[in-house]
Amino acid sequence: MNIKITGIVDNYSESSKFRSDWGFSTLIKTDYHNILFDAGSDPEVFEHNINLIDPDLKKIDILFISHSHKDHIGAIKYVLKNYRVGNIVIPEEQNEEIENKLREIKVRPIIINKPTSIDEGIYSTGILGEEREQSLVIPSEKGLILITGCAHSGIKNISEHVEKTFSDKIYMIIGGLHLYKKYDQVLKEDINEINKLQFKYILPSHCTGDTAKKLLKQKLNDRFMDFGAGVTINL
Ligand SMILES: [Fe+2]
Ligand SMILES: [Fe+2]
């Protein structure tokens with residue numbers, strides 16, 4: 001199966017052609033699905049970038065929302081208005097923020113609690129941690145592809161949960177690692193832990209933070225790749 005993953009909204013961007021913004025949104029195209037993972041912060045940034053990346057896109061089969069933070073749900077209304085959206089997959093919320101937003105525009109989402117098969121070859125990790133965040137898992141011939149929004153519960157915990165739940169090795173991790181508030185020894189320890197994980201490639205973006213990205217690049221060498229708005233990965 002071909003899998004093409006492109007950054008739509010991110011703190012980082014491939015070039016100045018794309019607007020960078022604090023937020024995350026990624027388009028994943030497989031042979032069978034168009035999946036939009038999260039919806040960035042600002043509908044205008046989303047619109048600008050997606051029209052450069054995929055002006056002919058009409059249909060999103062799955063809109064997958066990792067968690068209810070504002071920098072991941074900002075363009076939901078824009079997406080529903082401008083694309084034919086099949087299913088919306090959201091984590092079960094305590095604060096019901098996304099549910100209310102969707103109720104307002106009369107959309108009934110698929111609500112995730114535990115690890116779930118969303119469609120053939122597309123899985124949710126189930127919600128993890130206090131931020132009640134889900135991540136996306138796509139098995140490929142090379143191993144599991146793991147996409148995270150902010151990885152609030154820690155990429156180590158998420159990775160271990162994914163390998164146990166899906167009984168396979170992780171090939172690639174893409175997304176926010178939420179290390180931007182960590183410094184010095186604490187950050188170094190986290191990076192050492194990430195280095196011990198068995199994935200083949202990591203593409204840290206969004207809330208990973210500049211210092212953490214730099215240290216990860218130094219430590220992980222060839223296992224590190226840049227990601228951001230306008231970056232496309234073909235698998
Ligand atoms: Fe975020
Ligand atoms: Fe977040």
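The sole residue among I35, I50, I28 that is more than 16 Å from ligand 2 (Cβ to nearest atom), over 15 Å from G121 (Cβ atoms) and touching a residue at least 40 places away in the same chain (Cβ under 8 Å) is I50. Figure legend. Inter-residue proximity from region 224-235: first residues touching a residue at least 24 places away in the same chain (Cβ under 8 Å), second residues part of a loop (DSSP other than H, G, I, E, B) and surrounded by fewer than 18 Cβ atoms within 10 Å (Cβ to Cβ), beta-carbon distance below 7 Å, spacing 6+ or different chains. Indicated pairs: G230/S15; G230/K17; L235/K142.
Scanning region 148-170 turns up no residue that is more than 20 Å from K114 (Cβ to Cβ), in contact (Cβ under 8 Å) with a residue 24 or more places away in the chain, touching a Lys or Arg at 6+ places or on another chain (Cβ under 9 Å) and not charged (D, E, K, R). The set of residues in region 53-84 being in contact (Cβ under 8 Å) with a residue 40 or more places away in the chain, over 24 Å from G129 (Cα atoms) and in a strand (DSSP E or B) consists of D61 alone. Which number in (1) crowded, with 21+ Cβ neighbours inside 10 Å; (2) more than 26 Å from P139 (Cβ to Cβ) marks the one condition that T26 misses? With respect to (1) crowded, with 21+ Cβ neighbours inside 10 Å; (2) more than 26 Å from P139 (Cβ to Cβ), T26 is out only on (2). Within the set F199, F227, the sole residue that is farther than 18 Å from D10 by Cα and surrounded by 18 or more Cβ atoms within 10 Å (Cβ to Cβ) turns out to be F199. Pick from region 11-52 the residues that are among the aromatic types (F, W, Y), modelled with pLDDT of 95 or more and part of a loop (DSSP other than H, G, I, E, B): which of them is farthest from S135 (Cα to Cα)? The extreme case among them is F18.
Of the residues K106, K77, the single one that is under 24 Å from G230 (Cβ atoms), surrounded by fewer than 18 Cβ atoms within 10 Å (Cβ to Cβ) and away from ligand 1 (no atom under 16 Å from the Cβ) is K77. Could you list, in sequence order, the residues of region 29-59 that are out of contact with any Lys or Arg (no Cβ under 7 Å at 6 or more places or on another chain), more than 13 Å from ligand 1 (Cβ to nearest atom), under 27 Å from E96 (Cβ atoms) and among the hydrophobic types (A, V, I, L, M, F, W, C)? If the condition is that a residue be out of contact with any Lys or Arg (no Cβ under 7 Å at 6 or more places or on another chain), more than 13 Å from ligand 1 (Cβ to nearest atom), under 27 Å from E96 (Cβ atoms) and among the hydrophobic types (A, V, I, L, M, F, W, C), then I35, L36, F46 are the ones that fit.
The values are calculated or read from the model by the stated rules, or taken from the named source; none is laboratory data. As the structure is a prediction and not an experimental result, all values here were calculated from the model. Backbone-built Cβ (ideal geometry, glycine too); neighbour counts: all protein chains shown.
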